[in-house]
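Engineer: This is the structure, below, for whatever I ask next.
Taken together, the values in this text are just the output of simple stated rules run on the coordinates, not laboratory data. It should be emphasised that the depicted structure is a prediction, and the values quoted were computed from it without experimental measurement. We place every Cβ from the backbone using ideal geometry, glycine too, and count neighbours over all the protein chains shown.
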Amino acid sequence: MKMTFDGKVAIVTGAGGGLGRAYALLLAQRGARVLVNDLGGDFTGQGANPSYAAAVVDEIRTLGGIALANGDSVASREGAERIVAEAMQAWGRVDILINNAGIVTSRGPLWEMADAQWDTDIRVAATGTFQMCRAVWKHLWDKDYGRILNVSSGSFFGMGSGLGYPAAKGATWGITRALAATADHHRKNIRVNCVMPTAASRMTHLLGEDVDAAMKREYLPEAAAPVAAYLVHDEVPCNGEMFRIGGGGFRRVFIGITPGYRSSPADLDMETVRDHFAQAMAVDGYTIPRNSIDALDADAGVDWSAFGPGII
């Protein structure tokens, strides 16, 4: 049967173009009512232009969908709360949140990076994700239903220039894991997952003309949207997971822990670390922890399960 979002209300941030637009259009085409949020600034976060969100709303309505435009900033508590309140006022509920908004300001040598560049990158992608999740979380909690998709980036693996953007996108992964663990512990029907999309956007020209052209040819935003939509659907089978998406494919991304090496605390010295370093690096037999408690050593002599989903 065709998967739909009939009766659902979705908020998509940064949806005035690129990936956010593709997510919003697909959700609306499948029956969701969509609040299209976009401040309308440039890719460095400067300025504001409500026409970006309005244009996407016009597209959705032309296709027979239902949508509203919103130009508030996700980077403040007040802005995030207004975004959620507008959807609630219009449709009485919020079921889906896709935290897509993000910008890049910090590139080049670290010693040339200004405080304002760091603050802007963190404020939109990391703080914006936090603000939006906080604004909607109690509503989802009380009705025991919600789907949140946070948007990270492959820069999380390491980027040749710039620090603020990969740091912010790494934070979205931590937010995802923490909220998913909380929902699981309390057996709430709330799923919080994360994607690392590869797609052409207004920012890809920063990578050079050749890369930008290849991205526009091979990695259209629409090719990432079906995976994102599935991850906010009723049927999504996972919680707290990350996926690399784009170009028509998707792959799981995970952080694992190797079996490593363990001695008694009194016997562990620098030479022992040196002698067993390769053992710690070997990935055979790795485990994937569900939360911070699950990541602790099983043989440490403490029943860590008594502490809940993770306090360390």
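Engineer: Can you give me the C-alpha center-to-center distance between region 122-192 and region 1-21, rounded to a whole angstrom?
Structural biologist: Each part's Cα centre sits 17 Å from the other's.
Engineer: Related question: What does DSSP give for the chain in terms of the percent of beta bridges that are antiparallel, rounded to the nearest 5?
Structural biologist: Within the chain, antiparallel bridges account for around 20 percent of the total.
Engineer: Would you mind getting me the FRET efficiency between E271 and A116? Use the beta-carbon distance for r and R0 = 41 Å, nearest 0.05.
Structural biologist: Approximately 0.35, to the nearest 0.05.
Engineer: If you take the C-alpha gyration tensor of region 109-155, multiply each eigenvalue by 5 and take the square root, what semi-axes do you get, largest first, in whole Å?
Structural biologist: Three semi-axes, in Å: 31, 12, 4.
Engineer: Going by how many other beta carbons lie within 10 Å of each one, how would you line up F277, F243, fewest first?
Structural biologist: F277, F243
Engineer: Additional query: Extending each Cα 7 Å along its Cβ direction at D284 and F254, get the distance between those two points in nm, one decimal.
Structural biologist: With each label point 7 Å from Cα toward Cβ, the separation is 1.9 nm.
Engineer: Kindly point out which whole DSSP H helices in the chain project their C-alpha atoms 18 angstrom or further along the helix axis while averaging a Kyte-Doolittle hydropathy of -0.5 or above.
Structural biologist: Helix filter hits for the chain: 77-91, 164-185.
Engineer: Just to check, using Stokes-Einstein with a Kirkwood Rh over alpha carbon pairs, what's the diffusion coefficient of the chain at 37 °C and 0.692 mPa s in µm²/s?
Structural biologist: 159
Engineer: HN-Hα J couplings of region 240-250 from phi, Karplus 6.51/-1.76/1.60, θ = phi - 60°, integer Hz, Gly and Pro as x?
Structural biologist: Working through the residues one at a time gives x, 9, 10, 9, 8, 10, x, x, x, x, 8 Hz.
Engineer: Could you list which residues have their amide H under 5 Å from that of K8, counting only those 5 or more apart in sequence or on another chain, with H placed in the peptide plane?
Structural biologist: HN-HN under 5 Å from K8: R33.
Engineer: Could you work out [θ]222 nm for the chain from helices alone, using -39500 (n - 2.57) per DSSP H run of at least four and dividing by all its residues? Round to the nearest 500 deg cm²/dmol.
Structural biologist: Result for the chain, helices only: -11000 deg cm²/dmol.
Engineer: Oh, and also: For region 1-119, with only Lys/Arg (+1) and Asp/Glu (-1) charged at the beta-carbon, what is the dipole magnitude about the Cα centre, in debye rounded to 20?
Structural biologist: In debye, rounded to 20, region 1-119 gives about 580.
Engineer: How do H185, H233, H276 rank when sorted from fewest to most other Cβ atoms within 10 Å of their own Cβ?
Structural biologist: Neighbour counts put them in this order, fewest first: H185, H276, H233.
Engineer: Need one number: nm distance between label points at S51 and K138, each 7 Å from Cα along Cα→Cβ, rounded to one decimal.
Structural biologist: In this crude spin-label approximation the distance works out to 3.9 nm.
Engineer: Ok, one more. Under 5 Å between amide H atoms, partner at least 5 residues away or on a different chain: which partners does G246 have, H built in plane at 1.01 Å?
Structural biologist: Under 5 Å from the amide H of G246: T198.
Engineer: Additional query: How high is the relative contact order of the chain, in percent, counting Cα pairs under 8 Å that sit 6 or more residues apart?
Structural biologist: 14
Engineer: Taking 7 Å along the Cα-to-C-beta vector as the label spot, tell me the C238-S263 distance in nanometres, rounded to one decimal.
Structural biologist: With each label point 7 Å from Cα toward Cβ, the separation is 3.8 nm.
Engineer: Oh, and also: For a footprinting-style exposure proxy, rank L268, L296, L110 by other Cβ within 10 Å, fewest first.
Structural biologist: Final ranking by Cβ density, sparse to dense: L110, L268, L296.
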